[in-house]
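Worksheet for the structure shown next.
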Amino acid sequence: METKPVQRRYDLDWLRVLAILSVFVYHSTRFFNLGGWHVKNAMTYASVEIFERFMEIWMMPLVFLISGASIYYAMNKGSAGTFFKDKVLRLLVPLIVAMFTYASLQVYLERITHGQFSGSYFAFLPHYFDGFYLDVGSTGNFAIHGMHMWYVMILFIYCLIFYPLFRWWKGSGRGVLDKLGGILAFPWTMWLAMAFPILLLHGWVSDTDWEFGAGGWPFLYYIFFLLYGFVIVSHEKLQENIKRMRWPSLMVGLILGGVYVFLNINSDNPVIGPWESAIGDLLWILSACILLPAILGFGMQHLTRTTPFLKYANEAVMGFYILHQTVLLVVGYFVVQWSIPDVAKWLVIFTSSFAIIMVIYEFAVRRVNVLRFLFGMRPMPRPVAMPTREPVLAGGKPR
């Protein structure tokens, strides 16, 4: 299997940080959208719903695509044992911590704000293990997916399932990997080549129990975005095409995504509804498969250098993701009850939550090795001892 060292992809580091910040922005607005969530503001807004529907097109697919690209480079770092040990430490450990700690606080806040429980958090804890919590509206309480940590759970499962495929692609199946990259590399068929397998899957699972998911997409669909990330970074010609097509991809993706959101938001309209039923799913999947290359292309073109901020943020991004939703819900629980304009509520929730997350990360998680382990981070490097030198006497001989 290929193990040669590769130059670090700073564009992927930047996109990972920006993607998780997008998740934070998205969740900070969910108090105010039309759909259900764990904690809600009294007033909700169609404009926020429109914003979120557009973000759902590309946000979590981008996160999985970047994860797939990262797996490609992780396959250079050793044996299967090394790979699985890393995934257990980086993914499974923080997932288990979430399931048995702060996820209970998120469920508690949902229960008290939805009138499903009254009493303190500590009075709720004995009930946390009453049934399984799957989504907003569930009757059970135990969040087996760790609430927003569902991404970590799904990624861990897919790493286990698809490791043999990844290893084969990097070894004796390299020719197949190259052919897949070549298929996607055709300039004007790349979008359709990416969308076609997802559309086939959608035709199979649509309106069935297999369509359950989170982040705006069924869990099964994320498989393709994970695999696309792996394939894309393996093929130079494909990456050059993505970079060259970034502007057309952006313009077409924005147009198709805008049409999809318009149809989806107005699907109850008797005039628009038939159009949404006929082409809504096609536009949803196709716009994602066009916007993702656009985002990657701009990253490849412009995000090619590291900075001290990127080095810090790239290490902090996992801890930030783990902390973000719990902090948002705790802060939002109090702020949505204030008698101030809703825009001011969002600004307070956004800024104060960001500050609290960074304070917790900087002064607790980042500096304590036990917490670093529980948050899926590597331990702090040990300080290098400076060698001692014997004093030298005149004449050049040691004393």
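The values are calculated or read from the model by the stated rules, or taken from the named source; none is laboratory data. Quantities reported herein were computed from a predicted structural model and do not represent experimental measurements. Note: ideal-geometry Cβ built from the backbone for every residue, glycine included; neighbour counts use all protein chains shown.
Set side by side, the residues Leu292, Leu286, Leu238 differ, and just one is buried (at least 16 other Cβ atoms within 10 Å of the Cβ), within 20 Å of Pro197 (Cα to Cα) and more than 22 Å from the chain's Cα centre (by Cα), which is Leu238. Note on region 335-356: residues that are in contact (Cβ under 8 Å) with a residue 40 or more places away in the chain and in a helix (DSSP H, G or I) total 7.
Among the conditions (1) in a loop (DSSP other than H, G, I, E, B); (2) in contact (Cβ under 8 Å) with a residue 24 or more places away in the chain; (3) more than 17 Å from Cys289 (Cα to Cα), Pro187 misses just one, which is (3). You will find that of Ile340, Ile349, the residue that is among the β-branched types (Val, Ile, Thr) and either at pLDDT below 95 or in contact with a Phe, Trp or Tyr (Cβ under 9 Å, 6 or more places away or on another chain) (or both) is Ile349 and no other. Here are some residues: Lys85, Lys77. Which one is modelled with pLDDT under 95 and either touching a Lys or Arg at 6+ places or on another chain (Cβ under 8 Å) or farther than 26 Å from Gly140 by Cα (or both)? Being modelled with pLDDT under 95 and either touching a Lys or Arg at 6+ places or on another chain (Cβ under 8 Å) or farther than 26 Å from Gly140 by Cα (or both) holds for just one of Lys85, Lys77, which is Lys77. Selection of region 97-115 for residues being surrounded by 13 or more Cβ atoms within 10 Å (Cβ to Cβ) and in a loop (DSSP other than H, G, I, E, B) yields Tyr102, His114.
Among the residues of region 353-376, what is the count of those that are in contact with a Leu (Cβ under 8 Å, 6 or more places away or on another chain) and crowded, with 16+ Cβ neighbours inside 10 Å?
Step one: of region 353-376, the residues in contact with a Leu (Cβ under 8 Å, 6 or more places away or on another chain) are 353, 357, 360-361, 364-365, 373, 376.
The next check asks that each one be crowded, with 16+ Cβ neighbours inside 10 Å; those that pass are 353, 357, 360-361, 365, 376.
So the count comes out to 6.
For region 298-324, a residue qualifies if it is surrounded by fewer than 16 Cβ atoms within 10 Å (Cβ to Cβ) and not in a helix (DSSP H, G or I), and the qualifying residues are Thr304, Arg305, Thr306, Thr307.
Per-residue answers, yes or no, for (1) aromatic (Phe, Trp, Tyr); (2) surrounded by fewer than 19 Cβ atoms within 10 Å (Cβ to Cβ); (3) modelled with pLDDT of 95 or more:
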| residue | (1), (2), (3) |
| --- | --- |
| Ala123 | no, yes, yes |
| Val136 | no, yes, no |
| Met149 | no, no, yes |
| Ile154 | no, no, yes |
| Ile157 | no, yes, yes |
| Tyr163 | yes, yes, yes |
| Ala185 | no, no, no |
| Trp188 | yes, yes, no |
| Ser206 | no, yes, no |
